[in-house]
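Student: Sending over a structure as structure tokens; questions will come in a sec.
The values are calculated or read from the model by the stated rules, or taken from the named source; none is laboratory data. Because the structure is a prediction, the values reported are computed rather than measured. All Cβ positions, even for glycine, are placed from backbone atoms using ideal geometry, and neighbour counts span all protein chains on display. Just so you know, the surface numbers come from the protein's heavy atoms only, side chains and all, with ligands and any DNA or RNA stripped out. Shrake-Rupley method; radii C 1.70, N 1.55, O 1.52, S 1.80 Å.
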Amino acid sequence: MKQYAYYPGCSLESLGKNYHISALEVSRELGLELKELEDWNCCGATAYFPVDELLAYTLVSRNLAIAEKSGLQDFVAPCSACYKNAYFTNSYLQKDADLAEHINYALEADNLHVNGTMKVRHLIEVFIEDVGIEEIQKKVSNPLKGLRVAPYYGCQLVRPRKAKEDVENPQYFEGLLSALGAEPIEYASKTRCCGGSLIITNRKAALDMVHKLLQDAVKNNANVIATTCPMCNVNVEVYQSQVNREFGTDFSIPVMYFTQLMGIALGIEPKRIGVGASMLSLAQSTVS
Amino acid sequence: MAVELSFSKEIENIMYASHGKPIKDCLQCGTCSGSCPAVEFMDNSPREIIGLISADFKKEVLASNTYWTCASCYHCSVRCPAGIDIADMMYALKRYSMWKGEFQEGLIGPEFSESFVKMIVNSGRSFEPLLAATYLPKFSARDIVQEGLMATGLVLSGKMPLLPKKVKRLKNLQRMVRRIIPIGETK
Ligand code: SF4
Ligand code: SF4
């Protein structure tokens, strides 16, 4: 079983708990072992950079250092913001000796040292690259036939640009959904921001962004929105009622983690992946 | 006598070196503003704010809500033909205004960021509900988060009983943070 240094991130301990349990279940089913980092700390999401950039990189580096110490090569994050932070900090550590020195001075206080040698990826990338779409498809026992899914990439999974990848119109999420037997819809908002980082600080702007996303998904007849990030998921799921109040709409579209949809398709018991009865009947009603 | 840096130079200096090209390369093409999902809530569009910085309009920039309205979505950054990382420039502006202690009245962002950092220094982990409940009562953030918790079934009987986990080596983590920024006593 290939092992991965798994960094769940803070959201997965509270609001994103269903993401956590479904990520672990699906990984196991696919033959991957996610080993949670020991004593990891918050990576700061989008909230440290406004205060101190070096502190932001240092806090992320502590997690990278713990991962390096574990002897594993792969660092996996299920949260898009954690992923972006870890990815870029790791690459700056490789490129900038001066930055690395500053950070390592601070890390000494916890008897750690970082080199920037981890291969940092998001969970969805690990599934697609290391297991492969074909392998995943072979394991599908309960195809999500007829289920129209809006693949929601959001921002930080695809941006900033890392290499030469398509940041405007990525396709891998659609590929994964098709392998599960679902029907990925096309819609313009798939990489548009949901405003998650603004929900507390600028609620008006955030709700406007959620509204536009919901509108686009619903207009294109999605049955469910699939996410790859706890912040997106919570933002789009939980604030629908507030959007409805604010804009006089009546959205009630379910929002699920991509790992939950994978879990259903792979035949994992729904309650082990945090899928309630209403979600399940939705996924199955379209099969008939 | 020490040379006083221009405002545009100061901003350039606090953007970390790997973050794309300097803002003086801006062509004022407006691609950033056109890509921005939050632009209608900003006092100045991203293009305008860059123009103001280049012209050293420090007061106007510090009075603007633009960077506090930025969602850090990097849409502008990946599209800028001049290779400027506008999203990270927005972070740099937030830092600058926090350092100067100057920002538009009524903004939640500065206090939120500071509270967030405090929380990490005190526990090593963050916990959105607690953060909102303890640090931001005056912004009625508690109600926002309460609704969120109810919808995810995480709150029982209307209370907010959950606490964040703490990192085990908290003392070490706090020493580590102190090696970066001077902070006062922690709880
Ligand atoms: S997209 Fe780039 S070049 Fe164009 S206005 Fe914005 S910052 Fe300037
Ligand atoms: S990163 Fe900020 S400024 Fe740039 S497009 Fe997104 S919200 Fe607008």
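Student: Check residue A:225: other-chain or 5+ apart residues with amide H under 5 Å from its amide H, H built from backbone geometry?
Tutor: A:150, A:255, A:256
Student: How many Å² of accessible area per residue for the protein assembly as shown, probe 1.4 Å?
Tutor: Using a 1.4 Å probe on heavy atoms only, each residue of the protein assembly as shown averages 40 Å².
Student: Check the straight Cα-Cα distances from residue B:21 and name the lysines below 30 Å, setting aside those fewer than 8 residues away within the same chain.
Tutor: Partners found: A:84, A:95, A:119, A:162, A:164, A:190, B:9, B:58, B:59, B:94, B:100.
Student: Same structure, new question: Working from the pairwise distances between different alpha carbons, so that the mean of 1/r is found and then inverted, what is the protein assembly as shown's Kirkwood radius in Å?
Tutor: One decimal place: 22.8 Å for the Kirkwood radius.
Student: How large are Rg and Dmax for the stretch B:7-100 when only the alpha carbon atoms are used, in Å?
Tutor: Cα-based Rg and Dmax for the stretch B:7-100 come out at 11.6, 31 Å.
Student: Mind listing the phi-derived Karplus ³J(HN,Hα) values for the stretch B:28-43, rounded to whole Hz, using 6.51, -1.76 and 1.60 with θ = phi - 60°, and x for any glycine or proline?
Tutor: Listing the rounded values in order: 6, 7, x, 4, 4, 4, x, 9, 7, x, 10, 4, 6, 9, 9, 5 Hz.
Student: What's the total accessible area buried between chains A and B, using a 1.4 Å probe, rounded to the nearest 100 Å²?
Tutor: By this definition, chains A and B bury close to 5700 Å².
Student: Over the stretch A:133-287, what is the relative contact order in whole percent, taking alpha-carbon pairs under 8 Å and six or more residues apart?
Tutor: 29 percent
Student: Sorted by packing (mean other beta-carbon atoms within 10 Å per residue), highest first, where do A:228-237, B:64-73, B:27-36 land?
Tutor: Output ranking for A:228-237, B:64-73, B:27-36: A:228-237, B:64-73, B:27-36.
Student: Next question, about the same structure. Going by average Cβ neighbours within 10 Å, how do the peptides A:134-142, A:196-204, A:64-72 rank, with the highest at the top?
Tutor: So the peptides A:134-142, A:196-204, A:64-72, ranked by packing, come out A:196-204, A:64-72, A:134-142.
Student: Helix A:17-29 sits at what angle to the longest principal axis of chain A, using alpha carbons and giving 0 to 90 degrees rounded to 10?
Tutor: Tilt relative to chain A: about 90 degrees.
Student: Looking at chain A as a GNM with Cα springs under 10 Å, which of A:59, A:15, A:144 has the largest mean-square fluctuation?
Tutor: Comparing A:59, A:15, A:144 in the GNM, the peak value goes to A:15.
Student: Moving on to the next point. Residue by residue through A:84-97, how many Cβ atoms from other chains fall within 10 Å of the Cβ on average?
Tutor: So the per-residue partner count for this stretch is 1.
Student: Also: Can you compute the label reach from residue A:204? Point 7 Å from Cα along the Cβ direction, backbone N cut-off under 12 Å, restricted to the stretch B:21-50.
Tutor: Answer for the stretch B:21-50: B:40-43.
Student: Can you work out ³J(HN,Hα) from phi for every residue in the stretch A:235-248, in order, using Karplus 6.51 cos²θ - 1.76 cosθ + 1.60 and θ = phi - 60°, giving whole Hz and x for Gly and Pro?
Tutor: Those phi angles translate into 4, 7, 6, 6, 8, 4, 5, 6, 4, 4, 5, 5, 10, x Hz.
Student: Residue by residue through A:150-162, how many Cβ atoms from other chains fall within 10 Å of the Cβ on average?
Tutor: Whole-number average of other-chain Cβ neighbours for A:150-162 is 3.
Student: Run lengths n ≥ 4 of DSSP H only: what is the helix-derived mean residue ellipticity at 222 nm for the protein assembly as shown, with -39500 (n - 2.57) per run over all residues, to the nearest 500?
Tutor: -13500 deg cm²/dmol
Student: Just checking the output field for B:108-120: average partner chain Cβ neighbours within 10 Å of each residue's Cβ?
Tutor: Per-residue shielding by partner chains comes out at 5.
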